[in-house]
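Notes follow the structure.
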Amino acid sequence: MAKKKLKIGILFGGKSAEHEVSIVSAKNIIKALDKQKYQVFPTKIDKNGKFNLNSIKKMDVIFPVLHGPYGEDGSMQGLLKILNLPFVGPSVLGSAVGMDKDVMKRLFKEAGIPIGKFITLYNGEKISFEKIKKILGLPVFIKPANMGSSVGISKVKNESEWKKALKDAFLYDSKIVVEENTNGQEIECSVLGNEKPMASVLGEIVPKNDFYSYKAKYIDEDGASLLIPAKVSKVITKKVQNLAIKVFQTLNCEGMGRVDFFVKKNGEVIVNEINTIPGFTSISMYPKLWEASGIPTSKLLDRLIDLAIERYNREKKLKTVVK
Ligand SMILES: Nc1ncnc2c1ncn2[C@@H]1O[C@H](COP(=O)(O)OP(=O)(O)O)[C@@H](O)[C@H]1O
Ligand SMILES: [Mg+2]
């Protein structure tokens, strides 16, 4: 008798500035899922955050294909956990700390993971441009603490750009990070697994303009070129892969994550960030790096679903009463 197909709920869209990106990611995932194994049920979350919760509850596994706040930041993961549903990707804690560029960096520091200099600012907090310049030099990067896809990010070279950039970033979050500029190659590594995560071959992003902006990521086809494998030595490759796993574990991640780095000319490796629900568009690095490592996307999705079920079963065994 044929095995019963697993019902996979795909959550996409969402109340996030990355709504459109999520739609493209979801389409690719739906296309790549093995229909011999799965019955696929897409559920769209609209820009106000509305969706049909009842259709979610009947699923065997949920795949939240949601980028940014309300989807990648632990809030949806919390809801799914309360609903007692297995889901793909990191759980509440890993998602939350992986989304917050300020908390993430502080955990990196504690773990001895190399990062660039940064300053965290809350809305309303006063700091002079002179002081920023003195501590971080110029240019600086200004980013909303919780966001992705380069939304709300500016590279700032002078005081008038600084003022505009602050306004922009505070549109998306009440906390922002200001970072020193790190010159170097932009290198990415995909991570897959629960207790024993593995790291993929490395990819490299070569932005054509100032930096890897929203436009370069999704709008301008010539905005950046992607190199797989990255143009770095074997020694650097190993160093980055080990660090990617350390980042993943430090942030309590499970399932998947794409860790992004800067590699300086002198060989110094700096961690930029993790993405716990990385893009799955046709040009996205997460699936491409696994493909280059020998795992085609449909097999990658099988593994992610297995990992979701494995974690669910493990957590189910934990005692919830004293005995
Ligand atoms: N400190 C930095 N130094 C140099 N370039 C940076 C720095 N921070 C970000 N960038 C550039 O901006 C892009 C987006 O920043 P990132 O932190 O990855 O934000 P997001 O979470 O939106 O992807 C990076 O891919 C890189 O091109
Ligand atoms: Mg990024």
**Request:** Within region 100-115, track down each residue that is surrounded by fewer than 16 Cβ atoms within 10 Å (Cβ to Cβ), within 16 Å of ligand 1 (Cβ to nearest atom) and touching a residue at least 40 places away in the same chain (Cβ under 8 Å).
**Result:** PRO114
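Among the residues of region 60-84, which ones are in contact with a strand residue (DSSP E or B) (Cβ under 9 Å, 6 or more places away or on another chain), in a loop (DSSP other than H, G, I, E, B) and open to solvent by 90 Å² or more (accessible area, probe 1.4 Å)?
TYR70, the sole residue that qualifies.
What number of residues in region 15-59 are touching a residue at least 60 places away in the same chain (Cβ under 8 Å) and in a loop (DSSP other than H, G, I, E, B)?
Selection size over region 15-59: 5.
If I go through region 297-310 residue by residue, how many of them are open to solvent by 10 Å² or more (accessible area, probe 1.4 Å) and touching a residue at least 12 places away in the same chain (Cβ under 8 Å)?
6
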**Asked** Considering only residues of region 137-151 that are within 12 Å of ligand 2 (Cβ to nearest atom) and assigned to a loop (DSSP other than H, G, I, E, B), which is farthest from TYR122 (Cα to Cα)?
**Response** SER149
**Prompt:** Within the set of pairs 6 or more residues apart or between chains, which connect a residue that is among the acidic types (Asp, Glu) inside region 235-249 to a residue that is in a helix (DSSP H, G or I) and crowded, with 19+ Cβ neighbours inside 10 Å with Cβ atoms less than 8 Å apart?
**Reply:** none
**Request:** Search region 270-294 for residues being over 9 Å from the mean Cα position of the chain (by Cα), among the hydrophobic types (A, V, I, L, M, F, W, C) and part of a strand (DSSP E or B), and hand back the single one that is surrounded by the most Cβ atoms within 10 Å (Cβ to Cβ).
**Result:** VAL271
**Item:** Number of the condition not met by LYS155 [criteria: (1) more than 16 Å from ligand 2 (Cβ to nearest atom); (2) among the charged types (D, E, K, R); (3) open to solvent by 40 Å² or more (accessible area, probe 1.4 Å)]
**Value:** (1)
**Fill in**
When region 167-187 is checked residue by residue, the ones that are outside any loop (DSSP other than H, G, I, E, B) and either within 9 Å of ligand 1 (Cβ to nearest atom) or exposed (fewer than 14 other Cβ atoms within 10 Å of the Cβ) (or both) are LYS167, VAL177, GLU179, GLU180, GLU186
**Fill in**
If we ask which residues in region 111-126 are farther than 13 Å from VAL271 by Cβ and part of a helix (DSSP H, G or I), their number turns out to be 0
**Prompt:** Looking at region 134-151, which of its residues are under 23 Å from TYR70 (Cβ atoms) and either open to solvent by 40 Å² or more (accessible area, probe 1.4 Å) or modelled with pLDDT of 95 or more (or both)?
**Reply:** ILE142, LYS143, PRO144, ALA145
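The values are calculated or read from the model by the stated rules, or taken from the named source; none is laboratory data. Remember, predicted model here, so these are calculated numbers, not experimental data. For neighbour counting, all protein chains shown are included, and Cβ atoms are generated from backbone atoms with ideal geometry for every residue, glycine included. Side chains are part of the model used for accessible areas, which takes the heavy atoms of the whole protein and leaves out ligands, DNA and RNA. Shrake-Rupley method; radii C 1.70, N 1.55, O 1.52, S 1.80 Å.
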